[in-house]
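A short write-up of the structure that comes next.
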Amino acid sequence: MRHSYFHIQKTGTQFSGYSKYAIFVVILITISCVRVPEVKKSARENKHNKHDINCKGCHSVSQEVTMDRCSRCHSDYKETTRELYPNPHVSHCGDISCLECHRNHGDSIDFCSQCHKFEFKVP
């Protein structure tokens, strides 16, 4: 048995002037409602700005920041957290990219909390 709601037949439908106008208005409304997400500025980015380091100081538009780039200024990052137990910069997962936790364009996260409950406060 064939049900009509499962079968769509192409009929070459033509739209009247009114229908074309209505479709155009719907498209315009839809486009105007779509928002491009804003880049969220975090405390970490503000710290960089306070030291006169702008975006180009770490990366270009087409290049992501690498650990090598971070360690040019933050070479002692393991030492700065030596008093924490466990030290989040000495991971059983090996060398983890700085960007797994420290986000310049958004809120930083605690990468370790995916499995553990250390509750590190990540700047």
If I filter segment 74-92 down to residues being touching a residue at least 12 places away in the same chain (Cβ under 8 Å) and part of a helix (DSSP H, G or I), which single residue comes out as surrounded by the most Cβ atoms within 10 Å (Cβ to Cβ)?
TYR77
Out of (1) modelled with pLDDT of 65 or more; (2) exposed (fewer than 10 other Cβ atoms within 10 Å of the Cβ), what's the single condition that is false for TYR21?
(2)
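Can HIS102 be described as outside any helix (DSSP H, G or I) and open to solvent by 90 Å² or more (accessible area, probe 1.4 Å)? Write out each step before concluding.
Working: outside any helix (DSSP H, G or I): yes; open to solvent by 90 Å² or more (accessible area, probe 1.4 Å): no.
Answer is no for this residue.
Among ASP95, ASP107, ASP68, which is the only one that is part of a loop (DSSP other than H, G, I, E, B), open to solvent by 50 Å² or more (accessible area, probe 1.4 Å) and farther than 14 Å from LYS121 by Cβ? Walk me through it before giving the result.
Numbers: ASP107 fails: farther than 14 Å from LYS121 by Cβ; ASP68 fails: part of a loop (DSSP other than H, G, I, E, B).
After ruling out the rest, the residue left standing is ASP95.
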What are the residues in segment 55-94 that are at pLDDT 85 or above and of a type in the set (Asp, Glu), if any?
ASP68, ASP76, GLU79, GLU83
Anything in segment 50-65 that is outside any helix (DSSP H, G or I) and either surrounded by 13 or more Cβ atoms within 10 Å (Cβ to Cβ) or more than 21 Å from the chain's Cα centre (by Cα) (or both)? List them, or say none.
HIS51, ASP52, ILE53, CYS58, HIS59, VAL65
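Per-residue answers, yes or no, for (1) at pLDDT 80 or above; (2) of a type outside the set (S, T, N, Q):
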| site | (1), (2) |
| --- | --- |
| GLY12 | no, yes |
| GLY17 | no, yes |
| VAL34 | no, yes |
| ASN46 | no, no |
| ILE53 | yes, yes |
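The values are calculated or read from the model by the stated rules, or taken from the named source; none is laboratory data. Keep in mind that this is a model prediction, so the values were computed, not measured. Quick reminder, even Gly has a Cβ in these numbers, built from the backbone with ideal geometry, and neighbours come from all protein chains shown. For the accessible areas, the whole protein counts, side chains as well, though only heavy atoms, and no ligand, DNA or RNA atoms are used. Shrake-Rupley method; radii C 1.70, N 1.55, O 1.52, S 1.80 Å.
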